[in-house]
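The values are calculated or read from the model by the stated rules, or taken from the named source; none is laboratory data. Keep in mind that what you see is a predicted model, and the values were worked out from it rather than measured. Cβ: placed from backbone, ideal geometry, glycine included. Neighbour counts: every protein chain shown.
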Amino acid sequence: MKINGAASAALICILLFAVFNISAQSEREKFPGVVIPGAHLRTLKSKDTGRTYDLYFQLPDLKAGKKYPVLFVLDGQWDFKLLDSVYGGLHYDKFVPEMIIVGITYSGKNPNYDQLRAMDYTPTAVKNVPGSGDAAKFLDFLKKDVFPFVEKNYQADASKRILMGSSYGGLFTLYAMFTEPELFYGYVAAAPAVSFDDNFSFKQEKKFAETNKNLPVRLSISVGGVEELTPSVKAFMDVLKSRAYSGLKLETRVIEGERHAGNKPEAYNRGLRFMFNDQ
């Protein structure tokens, strides 16, 4: 079989590309991976969701007899490393106390994070989000498995739990707050998907307000200034302000110039500061 000039050149390019990739992979394998100093991993299986989770831990220099606030960070696969840095700066500047950070994510080889989080962080099932609607089960997993595990094995202060999440994670953060406010001392919701399932968060808040005048928690809620969620989150902020819940310490923030993912560094930084700004 004869190969013309163009086909020959294409074949050479393919072979060179393959050789280059093999060589690059080989080079990468020569060097150690980058790890987060001091961090470690534990694994828990949930009977409620049927899924297995990885918990990423970053601990302070634990002192005998002392209990520490615990920051639970959703989407740990993405945001644990961000919070490790954010917290480090805030603690160095004496804006926040020493605390335990727990990043919650999924176990297994190449987990489909987008699909799994869409199951666990959404409170209702909708057709266009496969497997959605397991927020109640995931909240049970936190209560039955994660809290007891953390508080048994680490010097955790159960009265100073903080929940933090973005997007669907922010939706779940608000869901948890209006479902059982007392579970956490504070809530940080970055760009929460309040418009999910025909404005579920608005409906949940309205139902909560019908029987509750008190909401004794800290809540920091923020959104990027130029993202699709901006109008709905701003509207939700206005609803919360209008309620004037007794005991609620509320901070709202529109992060100008940022979109859905880029708002997180400032949202988490300012939100975490707000949890301790008068202590």
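Specify which of the listed residues (PHE274, PHE178) is touching a Phe, Trp or Tyr at 6+ places or on another chain (Cβ under 9 Å) and part of a helix (DSSP H, G or I).
PHE178
If you take just the strands (runs of 3 or more DSSP E) that sit entirely in segment 32-148, which of them hold at least 1 residues that are surrounded by 18 or more Cβ atoms within 10 Å (Cβ to Cβ)?
Strands (runs of 3 or more DSSP E) meeting the threshold: 52-58, 68-73, 100-106.
I need a count of the residues in segment 153-173 that are in contact with a Phe, Trp or Tyr (Cβ under 7 Å, 6 or more places away or on another chain) and either of a type in the set (S, T, N, Q) or over 23 Å from GLN58 (Cα atoms) (or both).
Count: 5.
Just checking, does segment 216-227 include any residue being more than 23 Å from ALA118 (Cα to Cα) and polar (S, T, N, Q)?
No, the conditions are met nowhere in segment 216-227.
If you take the residues of segment 200-232 that are assigned to a helix (DSSP H, G or I) and β-branched (Val, Ile, Thr), which of them is farthest from LEU171 (Cα to Cα)?
Filtering segment 200-232 for residues that are assigned to a helix (DSSP H, G or I) and β-branched (Val, Ile, Thr), the one farthest from LEU171 (Cα to Cα) comes out as THR211.
Quick one: what pairs do we get from segment 50-63, first residue β-branched (Val, Ile, Thr), second modelled with pLDDT of 95 or more and part of a loop (DSSP other than H, G, I, E, B), C-beta under 6 Å, 6+ apart or different chains?
What qualifies is THR52/SER107.
Would you point out which residue out of LYS144, LYS160 is in contact (Cβ under 8 Å) with a residue 24 or more places away in the chain, farther than 26 Å from LEU82 by Cα and of a type outside the set (Ser, Thr, Tyr)?
LYS144
Can we say SER167 is over 23 Å from ARG273 (Cβ atoms), crowded, with 21+ Cβ neighbours inside 10 Å and among the polar types (S, T, N, Q)?
It is false that SER167 is over 23 Å from ARG273 (Cβ atoms), crowded, with 21+ Cβ neighbours inside 10 Å and among the polar types (S, T, N, Q).
When you check LYS137 against the structure, is it among the charged types (D, E, K, R) and within 19 Å of LYS67 (Cα to Cα), yes or no?
Judged against the criteria, LYS137 is not a match.
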